[in-house]
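Student: Below you'll find the structure I mean.
The values are calculated or read from the model by the stated rules, or taken from the named source; none is laboratory data. All figures in this text were calculated on a predicted structure; none of them were measured in a lab. A quick note on method: Cβ atoms are made from the backbone with ideal geometry, for glycine too, and the neighbour counts reach across all protein chains shown. Keep in mind that these areas ignore ligands, DNA and RNA; they rest on the heavy atoms of the full protein, side chains included. Shrake-Rupley method; radii C 1.70, N 1.55, O 1.52, S 1.80 Å.
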There are 2 protein chains.
Amino acid sequence: MRTVDLIHRKRDGEELSVEEIAYLVDGYTNGGIPDYQMSAFLMAVFFSGMTDREVSALTDRMVASGASVDLSDLPGVKVDKHSTGGVGDKTSLIAAPLAAAAGVTIPMISGRALGHTGGTLDKLESIPGFRTGLSIEEFREQLGKHQLGFIGQSQEVAPADGKVYALRDATATVESIPLIASSIMSKKLAMGLDALVLDVKVGSGAFMKKQVDARRLAQMMVGIGRRVDKRVQALITDMNQPLGYAIGNALEVMEVSQTLQNAGPADLTQLSLELAARMIHLGKKAASIEEAREVAQSKLLDGSGYRKLKEVIGAQGGNPQVLDRFELLPNATGAREISSPRAGYVSAIDAEYIGLASAMIGAGRDTKEDVIDPAVGVILEVKIGQKVDAGAVLCRLYYTNEEHVEEAAQLVEDAFRISSTAPEERALILEVVG
Amino acid sequence: MRTVDLIHRKRDGEELSVEEIAYLVDGYTNGGIPDYQMSAFLMAVFFSGMTDREVSALTDRMVASGASVDLSDLPGVKVDKHSTGGVGDKTSLIAAPLAAAAGVTIPMISGRALGHTGGTLDKLESIPGFRTGLSIEEFREQLGKHQLGFIGQSQEVAPADGKVYALRDATATVESIPLIASSIMSKKLAMGLDALVLDVKVGSGAFMKKQVDARRLAQMMVGIGRRVDKRVQALITDMNQPLGYAIGNALEVMEVSQTLQNAGPADLTQLSLELAARMIHLGKKAASIEEAREVAQSKLLDGSGYRKLKEVIGAQGGNPQVLDRFELLPNATGAREISSPRAGYVSAIDAEYIGLASAMIGAGRDTKEDVIDPAVGVILEVKIGQKVDAGAVLCRLYYTNEEHVEEAAQLVEDAFRISSTAPEERALILEVVG
């Protein structure tokens, strides 16, 4: 087998065999295949795509490249939830406690902010004392005691994916559906879960700009799960405007607290409840999705989801009082209002622009090495469809350092479109796949 | 400027600026841009193509990456001839002496055999004593004295192309029209020529399998030349069967000698005369192409082309007597006949198979490091369209080592198709571009 021939065949749109995919993954992981051949292969995949059989083979081999976590000694169905990345998306911190309060065991493998999108680990780390760097043993113990734990991806898990991902990042091959699907699924499958609820974002603030692409990605991940007997269900949800009102790490933790006390934004509450219901259903704590929705609702209304998050924050070394006393969270020192230049209806709030502006003042990262400022971000005052007067506040920027505020404010201003007629109403949850 | 952004934009089909192309070529040549980014870029070019402006910028920058030869002190128009590579293609050794005999100065920058295609330098080196490794000074002197010299590409010329080509070879990005065009043209432009006649091969034995691709390649190279005020003309010619009867280095030198004595195969004679006429016309030794054809014809008939090749062989250290006394050339020790399994018409002789079979027994190379056996090859006994009886000899394999003969004979047998009806006649020269 020659690597160049495999690149050639993929380039020409042929399907590679399971053995050929294994040869590529193993060769790249052990250094036998150089970066320059793998990057050419990845670009060929970007253009030629992969069949379901190929993407499963790729995923399986990336799982096999490292250690796997075995959670089978814990009782019940282990359910994880994953979002493909959005702006203001803090549903993990709401849906997971609700489902855990319903008795589902939830090993949450979470990510970090990159580009314009946020990351659950960064949000949690805005809580003083919170530790995301649990060992696998600590994580397992936490799951046994509290049903819920948050952890980052271990270096030992799917190292082939880590190596491939770094290369994709440097070679403009990130936005490939089979490569995204196999990257997500290899990390999830290696972490010992039984079922997975996916939130595939689509729209201006998401990696997938078109619903047809989001659907293909969802179908691919559901298929990868099916082939290894893991139940995967995906919601395709709108990311044309930020989710909720808060964007920025500590700001989002505050909104999580409000939402778990049933005083949060409607869109965030609706999506979090649906995700929680899917987790409860896949976790076999309800016989039907309708029943699961009722359970999720009740865990919100009786405050048990809220208490579960407090409990978990405490268990992972954080100060649980932050959920009641927001002054214990890092707070910004400056604020800047963005006002509407005219009266009308808010017809667009470009989520990518808001995410980028927020990252620019310190809430996110350009590169993995950048340090996050947990206090800063954006709070929207309006959502799409709302009527505003000229001069009304559209949002506020919260910052601790003036350096990029001007630029960020400009970007935020550009994110809003005010129209004379009300925009069409859009659904938040667009489709269910799997 | 970030390399990853340039890859991204090329991947998405955008046009890069002259400065951006320069950044990529310079960065790659000086080591600032790693192989893995360049190979991803090359694969993106394979799929997204390049505009004429981009391919000119790429060519110019590859020329600028190394030394340029200045031949302006030599009188007249300096004309080179280049073939994109074929099987049995020895036209350089016929057309160049004819044009030189007509007074054109011809710096022939020649290549080596690779894969199933032959190379002029290897053919010349089958002549005892022939030196292809002239210094630029020796080359210049030879051109001044004899109007014609044969030389390989200097390492100092277009080093960026050399580096890019090696990477393309390992990453399945060879077959890209803009990359082929810029690679050929950068080497030619750096060698100080004023005009260029191209023979773009199309068919089973060529890199371009489709005429539309051959035409695009020809147009691109003509355009690159035009943008730097070099006259480039391209013939698109059929390579669905080998050119002439002889394939293999010394065997081809013998056929060259016969053809320059007006006793060669019709197809080889026709194409060589037309290429010579184009060179004579671009070299301004004839006012019209019709007149140039007459000149070329007369240089064949009066033996002055033949004498010119002898003179040049002598000047480059070779034994000129080989053109009369073929026993002075390396000779094979074994021969194997391939016979027709049935009576009928020869309807196909797959040039790639013949080229591969010939390479397999030692006439060509798989990798640049392989050593050529100058004596071996294939002599066809028939051409497409000819009627044969069952058992008639189709060709003979000449070898010095039995090792791969069986395999090569099988390949050669597979190359022939014998049909009950005569195939349609095909033109040899399909188009003229430029």
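Student: Of all residues being part of a strand (DSSP E or B) and crowded, with 19+ Cβ neighbours inside 10 Å in the range B:382-395, which is nearest to the chain's Cα centre (by Cα)? Just the residue, please. Lay out the reasoning, then the answer.
Tutor: The initial filter retains those residues of the range B:382-395 that are part of a strand (DSSP E or B), namely B:387-388, B:393-395.
Narrowing the set further to residues that are crowded, with 19+ Cβ neighbours inside 10 Å leaves B:388, B:394-395.
Working: B:V388: 31, B:L394: 26, B:C395: 24 Å.
Top of the filtered list is B:C395.
Student: A further question on this structure: For B:S347, only one of the following conditions fails: (1) polar (S, T, N, Q); (2) open to solvent by less than 30 Å² (accessible area, probe 1.4 Å); (3) outside any strand (DSSP E or B). What is its number?
Tutor: Among (1) polar (S, T, N, Q); (2) open to solvent by less than 30 Å² (accessible area, probe 1.4 Å); (3) outside any strand (DSSP E or B), B:S347 violates only (3).
Student: Tell me, which residue of the range B:169-200 that is crowded, with 24+ Cβ neighbours inside 10 Å and facing chain A (nearest Cβ under 10 Å) is farthest from B:D238 (Cα to Cα)?
Tutor: Checked the range B:169-200; the qualifying residue farthest from B:D238 (Cα to Cα) is B:T171.
Condition check ((1) within 24 Å of B:I151 (Cβ to Cβ); (2) touching a residue at least 24 places away in the same chain (Cβ under 8 Å); (3) among the aliphatic types (A, V, I, L, M)) across all residues:
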{"site": "B:R278", "(1), (2), (3)": "yes, yes, no"}
{"site": "B:E294", "(1), (2), (3)": "no, no, no"}
{"site": "B:S298", "(1), (2), (3)": "no, no, no"}
{"site": "B:D302", "(1), (2), (3)": "no, no, no"}
{"site": "B:G318", "(1), (2), (3)": "yes, yes, no"}
{"site": "B:A343", "(1), (2), (3)": "no, yes, yes"}
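Rundown of residues vs (1) of a type in the set (V, I, T); (2) under 14 Å from A:A170 (Cβ atoms); (3) over 31 Å from the mean Cα position of the chain (by Cα), yes/no style:
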| residue | (1), (2), (3) |
| --- | --- |
| B:K10 | no, no, no |
| B:S17 | no, no, yes |
| B:V25 | yes, no, no |
| B:N30 | no, no, no |
| B:A40 | no, yes, no |
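Student: Another question, if that's okay. Being open to solvent by less than 50 Å² (accessible area, probe 1.4 Å), under 30 Å from A:A359 (Cβ atoms) and modelled with pLDDT of 95 or more is the filter here, so list the residues in the range A:130-146 that pass it.
Tutor: A:F130
Student: Take B:L74 and tell me if it is over 25 Å from B:G225 (Cα atoms), aliphatic (A, V, I, L, M) and touching a strand residue (DSSP E or B) at 6+ places or on another chain (Cβ under 8 Å).
Tutor: On the way: over 25 Å from B:G225 (Cα atoms): no; aliphatic (A, V, I, L, M): yes; touching a strand residue (DSSP E or B) at 6+ places or on another chain (Cβ under 8 Å): yes.
No; evaluated as a whole, the condition is false for this residue.
Student: Only one of A:V157, A:V104, A:V87 is within 17 Å of A:V253 (Cβ to Cβ) and open to solvent by less than 10 Å² (accessible area, probe 1.4 Å); which?
Tutor: On the way: A:V157 fails: within 17 Å of A:V253 (Cβ to Cβ); A:V104 fails: within 17 Å of A:V253 (Cβ to Cβ).
Of the residues listed, the single one that is within 17 Å of A:V253 (Cβ to Cβ) and open to solvent by less than 10 Å² (accessible area, probe 1.4 Å) is A:V87.
Student: Somewhere in the range B:254-271, is a residue on the phi < 0 side of the Ramachandran plot, touching a strand residue (DSSP E or B) at 6+ places or on another chain (Cβ under 9 Å) and hydroxyl-bearing (S, T, Y)?
Tutor: no
Student: Would a scan of the range A:76-83 turn up a residue that is under 25 Å from A:V382 (Cα atoms) and either open to solvent by 10 Å² or more (accessible area, probe 1.4 Å) or in contact with a Phe, Trp or Tyr (Cβ under 8 Å, 6 or more places away or on another chain) (or both)? Outline the logic, then answer.
Tutor: In the first step, residues of the range A:76-83 are kept if they are under 25 Å from A:V382 (Cα atoms); the result is A:83.
Now narrow it down to the ones that are either open to solvent by 10 Å² or more (accessible area, probe 1.4 Å) or in contact with a Phe, Trp or Tyr (Cβ under 8 Å, 6 or more places away or on another chain) (or both): A:83.
Yes; the residues of the range A:76-83 include at least one that is under 25 Å from A:V382 (Cα atoms) and either open to solvent by 10 Å² or more (accessible area, probe 1.4 Å) or in contact with a Phe, Trp or Tyr (Cβ under 8 Å, 6 or more places away or on another chain) (or both).
Student: Can I ask one more? Answer with yes or no whether B:L323 is under 24 Å from the mean Cα position of the chain (by Cα) and within 13 Å of B:V253 (Cβ to Cβ).
Tutor: Working: under 24 Å from the mean Cα position of the chain (by Cα): yes; within 13 Å of B:V253 (Cβ to Cβ): yes.
So B:L323 passes the test.
Student: Could you figure out which of (1) within 25 Å of the chain's Cα centre (by Cα); (2) open to solvent by less than 30 Å² (accessible area, probe 1.4 Å); (3) at pLDDT 95 or above isn't true of B:L71?
Tutor: Unmet condition: (3).
Student: Please pick out the residue among A:A214, A:A263, A:A287 that is open to solvent by less than 10 Å² (accessible area, probe 1.4 Å) and among the aliphatic types (A, V, I, L, M).
Tutor: Numbers: A:A263 fails: open to solvent by less than 10 Å² (accessible area, probe 1.4 Å); A:A287 fails: open to solvent by less than 10 Å² (accessible area, probe 1.4 Å).
Criteria check complete, one pass: A:A214.
Student: Looking only at the range A:107-127, how many residues end up being part of a strand (DSSP E or B) and open to solvent by 20 Å² or more (accessible area, probe 1.4 Å)?
Tutor: Narrowing the range A:107-127 to residues part of a strand (DSSP E or B): A:107-110, A:114, A:117.
Now narrow it down to the ones that are open to solvent by 20 Å² or more (accessible area, probe 1.4 Å): A:114.
Residues meeting the conditions: 1.
Student: Follow-up question, since we're still on this one. Return the residues of the range A:1-37 that are under 18 Å from A:S176 (Cα atoms), more than 7 Å from every other protein chain (Cβ to nearest Cβ) and either open to solvent by less than 20 Å² (accessible area, probe 1.4 Å) or among the hydrophobic types (A, V, I, L, M, F, W, C) (or both); say none if nothing qualifies.
Tutor: A:K10, A:L16, A:I21, A:L24, A:V25
Student: Something else about it: Being touching a residue at least 12 places away in the same chain (Cβ under 8 Å), in contact with an Asp or Glu (Cβ under 6 Å, 6 or more places away or on another chain) and not aromatic (F, W, Y) narrows it down to one of A:I384, A:I372, so name that one.
Tutor: Values: A:I384 fails: in contact with an Asp or Glu (Cβ under 6 Å, 6 or more places away or on another chain).
Going through A:I384, A:I372 in turn, the sole match is A:I372.
Student: Need a quick list: helices (runs of 4 or more DSSP H) entirely within the range A:128-232 having at least 3 residues that are farther than 30 Å from A:R307 by Cα.
Tutor: A:159-170, A:177-190, A:211-227
Student: Quick check: is even one residue across the range A:320-343 part of a loop (DSSP other than H, G, I, E, B) and open to solvent by less than 10 Å² (accessible area, probe 1.4 Å)? Explain how you work it out, then say what you get.
Tutor: Here is the first cut: in the range A:320-343, the ones part of a loop (DSSP other than H, G, I, E, B) are A:324-325, A:329-333, A:340-343.
From what is left, the residues that are open to solvent by less than 10 Å² (accessible area, probe 1.4 Å) are A:329, A:340.
For the range A:320-343, residues part of a loop (DSSP other than H, G, I, E, B) and open to solvent by less than 10 Å² (accessible area, probe 1.4 Å): present.
Student: Hey, among B:A292, B:A276, which residue is under 11 Å from B:T91 (Cα atoms) and either in the same structural domain as B:A113 (by TED's automatic domain parsing) or of a type in the set (D, E) (or both)?
Tutor: On the way: B:A292 fails: under 11 Å from B:T91 (Cα atoms).
So the residue among B:A292, B:A276 that is under 11 Å from B:T91 (Cα atoms) and either in the same structural domain as B:A113 (by TED's automatic domain parsing) or of a type in the set (D, E) (or both) is B:A276.
Student: Only one of A:T120, A:T91, A:T59 is touching a residue at least 40 places away in the same chain (Cβ under 8 Å) and either aliphatic (A, V, I, L, M) or assigned by TED's automatic domain parsing to the domain that holds A:A246 (or both). Can you tell me which?
Tutor: Numbers: A:T120 fails: touching a residue at least 40 places away in the same chain (Cβ under 8 Å); A:T59 fails: either aliphatic (A, V, I, L, M) or assigned by TED's automatic domain parsing to the domain that holds A:A246 (or both).
After ruling out the rest, the residue left standing is A:T91.
Student: Moving on. Counting only residues that are part of a loop (DSSP other than H, G, I, E, B) and within 23 Å of A:G364 (Cβ to Cβ), how many does the range A:61-105 have?
Tutor: So in the range A:61-105, the residues part of a loop (DSSP other than H, G, I, E, B) come out as A:65-77, A:84-91, A:102-104.
Cutting the leftovers down to within 23 Å of A:G364 (Cβ to Cβ) gives us A:84-91.
Result for the range A:61-105: 8.
Student: From the set of residues in the range A:39-55 that are open to solvent by less than 10 Å² (accessible area, probe 1.4 Å) and touching a residue at least 40 places away in the same chain (Cβ under 8 Å), which is farthest from the other protein chains (Cβ to nearest Cβ)?
Tutor: Only one residue fits best here, namely A:V55.
Student: So is A:Q321 touching a strand residue (DSSP E or B) at 6+ places or on another chain (Cβ under 9 Å) and under 14 Å from A:L124 (Cα atoms) or not? Walk me through it before giving the result.
Tutor: Values: touching a strand residue (DSSP E or B) at 6+ places or on another chain (Cβ under 9 Å): no; under 14 Å from A:L124 (Cα atoms): yes.
In short, no.
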